[in-house]
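The values are calculated or read from the model by the stated rules, or taken from the named source; none is laboratory data. In this text the structure is predicted, and so the values were computed from the model without any measurement. Because the Cβ atoms are built from the backbone with ideal geometry, glycine has one as well, and the counts that use them run over all protein chains shown. These accessible areas exclude ligands, DNA and RNA; they are computed on the full protein's heavy atoms, side chains included. Shrake-Rupley method; radii C 1.70, N 1.55, O 1.52, S 1.80 Å.
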Amino acid sequence: MARPEKIRLGDLLVQQNIVTASQLALALEAQKKSGAKLGQVLIETGYATEEGIARALAKQLGAPFIDLRQYNARPEVVRLLPETQARRFRALMLDEKDGTLLVGMADPTDLTAFDEICRLVRRPVDLAVVMRTHLLAAVDRVYHRTEEITGLAKELTADMTDATAGLDEMFGSGIGGEDAPVVKLLQTVFDEALRAHASDIHIEPQEKSLIIRFRIDGVLHIKTEADSKVASALVLRLKLTAGLDISEKRLPQDGRFNIKVRGAPLDVRISTMPTQYGESVVMRLLAQNTELLGLDKVNMPPYVLERLRNAIHRPSGMVLVTGPTGSGKTTTLYAALSELNTTEKKIITVEDPVEYRLAGINQVQVHEKIDLTFERVLRSVLRQDPDIVLVGEMRDHTTAEIGMRASMTGHMVLSTLHTNDAISTPVRLIDMGVPRYMVALSLQLVLAQRLVRVICEDCAEPYSPLPNEEAWARTEIGDRIETAKFKRGRGCSSCGGSGYKGRQGVYELLEMNSALVEAANHHDTNAFIAEAKIAMAGKTLRSDALRLALMGRTSVQEAMRIDNQQD
């Protein structure tokens with residue numbers, strides 16, 4: 001394809017009936033005032049869409065229009081254009097055929113950028129037109145910093161083997177030693193983790209290597225492997241940053257620190273654990289600028305949302321949210337607190353650690369080392385005249401019993417408990433030693449939840465379940481399986497080839513009615529379980545997961561994974 005020609009965008013859009021002459025005149029007038037590009041002005045005023053403009057340019061130039069959301073760019077071709085130039089020229093190398101490269105450009109009329117790209121790659125280049133918003137997202141997505149992380153790890157390894165390298169040079173003097181090799185490596189790791197929406201970073205020393213993994217949408221992905229010599233330097237730096245004891249390598253340690261990544265504050269919870277080949281480190285990442293969701297935005301089924309709201313707005317009682325670590329329990333509780341947080345209510349939280357900061361709420365951080373335990377704080381909290389108390393977790397018999405007593409004396413108590421499902425929660429409290437009458441009278445509602453991966457919208461396609469998947473679904477919905485339309489994610493550049501992008505909650509709810517209260521007071525636990533199963537028929541985690549699969553939000557495979565977690 002020849003070099004693209006210079007195009008007057010306004011005339012082209014009028015010619016192709018994308019905008020009218022009067023709309024163009026108004027847009028040109030607005031452009032003079034704002035100084036923005038004409039295309040951006042047309043989009044902001046609603047006279048044209050970004051896709052409409054891109055397709056018009058592609059038609060005029062005789063170039064293909066490519067939707068980057070559904071296009072899998074070849075990584076080895078992408079890297080032919082450095083990330084800096086890709087962002088500068090709003091361009092992405094997409095493919096190579098017979099020695100000719102295909103480049104997607106958001107502004108194909110920028111002849112200077114096209115000429116510079118040709119000079120950089122030193123090969124024949126064909127042009128494709130892409131949308132600017134899709135291109136910027138694709139650049140963030142495809143320019144994984146894995147190679148940069150690996151390169152920095154090799155640089156650090158070389159510095160560590162250099163006998164002339166001093167500690168101050170290698171580790172930096174203080175937290176601000178940005179030029180130290182280990183600091184540059186960690187900054188890059190944190191930056192990439194935030195870009196990839198990772199919830200955790202795992203640094204794991206092996207016999208001959210160090211593995212760094214990210215947990216994304218609940219699944220671990222290897223980010224890089226480095227020389228095992230790097231491990232001690234990374235752990236030392238992280239311990240210094242978190243204020244941990246750098247001389248203690250035989251015992252686990254926990255801590256936290258705050259850093260800025262991409263200009264945004266990031267709260268990092270760190271846990272170290274001695275293993276056979278060194279100290280393993282896991283860091284939970286909590287972005288402090290993340291907006292808390294309200295209850296109406298967490299995608300609960302309507303009947304669950306209505307009953308949960310009714311329960312938390314009562315003047316007293318206990319509401320428990322249950323599920324394994326990482327199932328979104330804290331997010332749900334804070335969504336409830338956001339709704340309850342008014343000037344008329346005094347709310348106190350007791351947490352370990354405080355994960356979200358919410359204005360107008362008194363939040364207490366538990367500190368076991370100075371004997372500031374859940375039990376001790378909770379006893380003091382009740383003398384602070386609260387209306388609502390949030391206890392981070394019912395960890396032991398004493399904490400659970402104090403919480404129960406508080407709910408019986410005019411307080412609304414919200415907390416979490418680690419159980420597999422809603423039905424087993426009252427039984428678990430009784431097993432912990434809480435008197436049966438307290439459980440029966442105090443517990444208002446139990447919400448059990450999990451997180452399922454959501455099918456990527458950019459590569460979703462119809463799917464026929466495998467025989468075992470069909471058999472599993474049939475036990476829940478019967479012959480409706482014959483007309484059900486399931487989906488799966490094929491895998492694309494938008495979701496990194498996984499077929500999933502993001503997660504959504506799956507819920508089941510057990511509300512303590514009169515029959516359940518009476519059964520809980522009875523010494524026969526099996527009678528309570530039988531009564532609870534009747535109350536929850538068709539409204540379990542399994543049925544909610546399958547509901548999302550029938551809606552095309554998640555796959556049958558994901559729904560089955562949630563069901564298997566309850567076994």
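Between the Cα long axis of helix 329-340 and the first principal axis of the chain there is an angle of about 80°, rounded to the nearest 10. Express in % the proportion of alpha carbon pairs of the chain at distances exceeding 33 Å. Percentage above 33 Å: 57. Based on the convex hull around the alpha carbon atoms, the stretch 272-415 presents an average projected area of 10.5 nm². Note on the stretch 207-222 and the stretch 349-394: Cα centroid distance 33 Å, given to the nearest whole angstrom.
Spatial offset of the stretch 66-83 relative to the stretch 510-566 amounts to 45 Å, using the alpha carbon center of each.
Shown for the chain: cysteine residues without a partner Cβ closer than 4.7 Å, namely CYS118. The stretch 17-62 and the stretch 418-438 have Cα centres separated by 63 Å.
Dipole orientation for the chain: of the candidates VAL183, ILE211, PRO465, PRO465 has the Cα lying most toward the positive pole (charges on Cβ; Lys, Arg +1; Asp, Glu -1). For the chain, what % of the accessible area comes from carbon and sulfur atoms, probe 1.4 Å? Taking all protein chains in place, the chain shows 49 percent carbon and sulfur surface.
Computed from Cα atoms, the angle from the helix 525-535 axis to the main principal axis of the chain rounds to 50 degrees. Among the GluC sites (Glu not before Pro) in the stretch 260-364, those placed in a DSSP loop whose Cβ has at most 15 other Cβ atoms within 10 Å are GLU291, GLU344. Between the listed residues GLN31, THR133, VAL377, the Cα displaced farthest toward the positive end of the dipole of the chain, a dipole computed from Cβ unit charges relative to the Cα centre, is found at GLN31. Across q = 0.17 Å⁻¹, the stretch 355-400 modelled as identical point scatterers on its alpha-carbon atoms has Debye log10 I(q)/I(0) values of -0.52, in the order of the q list. Cross-link pairs exceeding 19 Å between alpha carbons, from the set LYS297/LYS329; LYS223/LYS260; LYS184/LYS229; LYS329/LYS533: LYS223/LYS260; LYS329/LYS533.
The ellipsoid that matches the Cα gyration tensor of the stretch 452-567 has semi-axes, each √(5λ) in whole angstrom, of 34, 15, 10, with the longest given first. Looking at the chain, the accessible area is 48 square angstrom per residue; that uses a 1.4 Å probe and ignores ligands, DNA and RNA. For the stretch 175-317, the mean projected area of the C-alpha convex hull, equal to one quarter of the hull surface, is 11.7 nm².
Within a straight-line Cα-Cα reach of under 18 Å, LYS485 can be paired with the following aspartates and glutamates, leaving aside sequence neighbours fewer than 8 residues apart in one chain: GLU457, ASP458, GLU461, GLU469, GLU470, GLU476, ASP544, GLU558. The mean sequence separation of alpha-carbon pairs under 8 Å and at least six residues apart, normalised by the residue count of the chain, gives a relative contact order of 10 percent. Note: relative contact order over the stretch 1-90, using C-alpha pairs below 8 Å and six or more positions apart, is 24 percent. Extending 7 Å from the Cα toward the beta-carbon at both ASN299 and LEU120 defines two label points whose distance is 3.6 nm.
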